[in-house]
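Have a look at the structure below, then the notes.
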Amino acid sequence: MGVMSAIVPESDLFIVNRFEKEEKKPVKIRKEVERSAPQAEINVLGQTVSEGVMNVENFLDQAVVNGLEEVKVIHGVGTGKLRAGIWEYLRKNKNVKEFRSGRYGEGEKGVTIITLK
């Protein structure tokens, strides 16, 4: 036992074969993934233009996969750079039918409403 010693009766001792292979049975692991309801809006407030556009792109991909018809992007008013970058991306996206600024009660110029194909 290394530097330790112990006094035990001989009847308690047995030989262990360290090199004996144990048969390992394959373990099947099944993980159920909870699917949440598809989100109809994304908040990109405070993000840079590149971060915001990348997050909106991923969000729109998920919206299309989930069959959503209309989604909302919350980008805020600020300097307008984030909104302009997102709109530039939306003009090129094949899945976007149309987009517009929010109306009164929807967030006005701080949000973009997107209709998907």
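A short reminder: the numbers here are calculations on the coordinates, not readings from a lab. Bear in mind that the values here come from a model prediction, so they are computed numbers and not experimental data. Quick reminder, even Gly has a Cβ in these numbers, built from the backbone with ideal geometry, and neighbours come from all protein chains shown.
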State all residues of segment 40-57 that are in contact with a strand residue (DSSP E or B) (Cβ under 9 Å, 6 or more places away or on another chain) and under 16 Å from GLU88 (Cα atoms); if no residue qualifies, say none. VAL44, GLY52, ASN55, VAL56
May I ask you to list the residues in segment 65-117 that are buried (at least 17 other Cβ atoms within 10 Å of the Cβ), under 14 Å from ALA40 (Cα atoms) and β-branched (Val, Ile, Thr)? VAL71, VAL73, VAL111, THR112, ILE113, ILE114
